[in-house]
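Each value in this text was obtained by applying a stated rule to the coordinates, not by laboratory testing. What you see is a predicted model; the values in this text were computed from it and never measured. No Cβ is skipped: glycine too gets one built from the backbone with ideal geometry, and neighbour counts run over all protein chains shown.
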2 protein chains.
Amino acid sequence: MSVTTKATIASFGGKLLKLSHQATTTRCEMAFNLYLPPQTFQDPAAKIPVLIYLSGLTCTADNCSEKGFFQHGASKRGIAVLYPDTSPRGLDIQGENDSWDFGTGAGFYVDATESPYKEGYNMYSYVTEELPQTVFAAFPQLDATRVSITGHSMGGHGALTLFLKNPGKYKSVSAFAPISNPINCPWGQKAFNGYLGSESEKWKAYDATELVKKWKGDLNLLIDVGTGDNFYKQGQLLPENFEAAAREAGVAGVQVRYQPDYDHSYFTMATFADDHVDHAARYLFA
Amino acid sequence: MSVTTKATIASFGGKLLKLSHQATTTRCEMAFNLYLPPQTFQDPAAKIPVLIYLSGLTCTADNCSEKGFFQHGASKRGIAVLYPDTSPRGLDIQGENDSWDFGTGAGFYVDATESPYKEGYNMYSYVTEELPQTVFAAFPQLDATRVSITGHSMGGHGALTLFLKNPGKYKSVSAFAPISNPINCPWGQKAFNGYLGSESEKWKAYDATELVKKWKGDLNLLIDVGTGDNFYKQGQLLPENFEAAAREAGVAGVQVRYQPDYDHSYFTMATFADDHVDHAARYLFA
């Protein structure tokens, strides 16, 4: 459970920590970043809520830490931001480095059931259990009872599914350009086939559009998707499928904003990061 | 004078344009970025003031566009941000790619007088004359009479010297971690020796600490330097020399903020970018 500090970087009045730990679920050293807002240091008795940000395909914890602008809003609101990595690294599993949308950098926030990937590609357990346990043990000022979740693209899929699979675990959820119906898009089908096997019925356990059909109550969910996002245009994201499923299931509170011209990049996240921090703050400080 | 648009990216309600043009001063195609704030599009009759951001060693126009978050404040204030490149590219001048702090990516905002660099390393003329002329011709909504300047490290040196050498040309100046006294630091000595020759008396024409001695009136200058900045600790920046020279010359209005723990990275710029945009806005909208 011990955490190694690789760097401490002043940012927006707080500190961005580059950390790593030896993870058992993923069987390797996992890097992650943690932003501690200024309130952490101003009042040692303050309990600081946490927003988990799940990154997209090919990313590490660093991309959003540098380009996503979450520290700006988190600093104002007094929220820590936890940036996990997107997969195990360096397991030397055959094929894991063959493509950018599967294997390394593309863990898809599932627990793999197929060999050889089940030997470490367990990002679902890692992000829902091992990483937060590690972080809350190492940073007692963080409030384990107040955690929200957000993410981008594959990480948006992660945020939606982790929230929907664990009622009560997270105070709120939001997403940028989430892969909203992976069982019906090429990215999701490739990943789920590789990690979960060819029996597509099993894939539904990690599909937000399937999971929302069983949700009880409102969601209070904010999603931003850019209309200039090429992956949206190519049918990789399918937020309309998620919206329709929520509507048919009578799940209210799903707000999908189609942002004119915005693309799939961190420029979009930076633009709307404050809104997503504010969304989380509404529930973290309720 | 024609400008080629390589990309148009939605950002903070405005558009970040990736542009290039064939430059005569630098004898090559020069890439640059231009952020047009939302006000440009909301009111076609609006005249938009411009903040020039000069980048540091090794950088292109992209680094700060992605990680500096000037768009956040510029969007609120209605200011365009012009991000020039840091040197000519691809001239194939012998030695220009041998080190990271001289030649490519390290033009130092001077007009070289030494062979072979005088054949294109004319970033002073490029940034003060050719680039703005090109931009104002191509984007008539931009207000050529309201321009401010800022920059980071080598670009901070650029901002200070261009402002001090051209009274009245820029409405205001600010800088992050500027190389404030290049004739007395290793980076500056290496660059000036290469571009301007070994006669060090000539170097003073591009040294902010020398130039401020001759300034008439107040400066209203904002500088941020991080106390955790290794280049500051190594004596590459020397902001104290600039402060002392200004004080001795009776030049008021020099505000140098030593920011505890902040380093030389874009995390520092991102944190204080809003302050520097606000500083420029005070004079651009005076």
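If you restrict to DSSP beta bridges whose two residues both lie in chain B, what percentage is antiparallel, to the nearest 5? Approximately 55 percent, going by the DSSP bridge assignments. Here the protein assembly as shown is treated as an ellipsoid with the same Cα gyration tensor; its semi-axes, largest first and in whole Å, are 46, 25, 23. In this structure, the residue pairs whose Cα-Cα separation is over 26 Å, taken from B:118/B:202; A:67/A:165; A:233/B:6; A:15/A:67; A:15/A:165, are A:67/A:165; A:15/A:165. Put in line by how crowded their Cβ is, counting other Cβ atoms within 10 Å and starting with the fewest, A:199, A:130, A:240, B:96 read A:199, A:240, A:130, B:96. Modelled this way, with points 7 Å down the Cα-to-C-beta line, the labels at residue A:94 and residue B:220 are 7.0 nm from one another. Which shape class, rounded, prolate or oblate, goes with region B:154-282 when its Cα gyration tensor gives a ≥ b ≥ c as root eigenvalues, a/c under 1.5 marks rounded, and past that a/b bigger than b/c marks prolate? Oblate, because a/c is 1.5 or more while a/b does not exceed b/c. Across region B:3-284, Cα-Cα pairs farther apart than 23 Å form 49% of the total. Once backbone amide H atoms are built at 1.01 Å from N, residue A:51 has A:80, A:81, A:82, A:148 as its partners under 5 Å, excluding neighbours fewer than 5 places away on the same chain. Note on chain B: dipole from Cβ charges, positive end direction compared against B:256, B:134, B:193; the farthest Cα belongs to B:134. Plainly put, the tip 7 Å out from Cα toward Cβ on residue B:8 is 4.7 nm from that tip on each other copy, the closest given first.
Rounded to the nearest whole Hz, the Karplus-based 3J(HN,Hα) values (6.51 cos²θ - 1.76 cosθ + 1.60, θ = phi - 60°) of region B:193-198 follow the sequence 4, x, 8, 10, x, 7, with x at glycine and proline. The charge dipole of the protein assembly as shown, taken about its Cα centre with unit charges on the Cβ atoms of Lys, Arg (+1), Asp and Glu (-1) only, comes to about 1240 debye. When you restrict to C-alpha pairs under 8 Å that are six or more residues apart and normalise by the size of chain B, the relative contact order lands at 18 percent. Placing a pseudo-label 7 Å from each Cα along the Cα-to-Cβ vector at residue A:114 and residue A:47 gives an inter-label distance of 4.3 nm. The charge dipole of region A:3-284, taken about its Cα centre with unit charges on the Cβ of Lys, Arg, Asp and Glu (plus for the first two, minus for the last two), comes to roughly 760 debye. Rounded to the nearest 20, the Cβ-based charge dipole of region A:145-229 about its Cα centre (Lys and Arg +1, Asp and Glu -1) stands at 380 debye. Between residue B:29 and residue B:248, the contour length at 0.36 nm per residue exceeds the Cα-Cα span by 74.6 nm. Rounded, prolate or oblate: pick one for region A:59-180, where a ≥ b ≥ c are the square roots of the eigenvalues of its C-alpha gyration tensor, a/c under 1.5 means rounded, and failing that, prolate if a/b is larger than b/c, else oblate. Cα axes put region A:59-180 in the prolate bin. Counting neighbouring beta carbons within 10 Å and listing from fewest to most, the residues A:59, B:28 come out as B:28, A:59. Under 5 Å between amide hydrogens, built in the peptide plane, is the criterion, and for residue A:259 it picks out A:225, A:226, A:227 among residues at least 5 positions away or on other chains.
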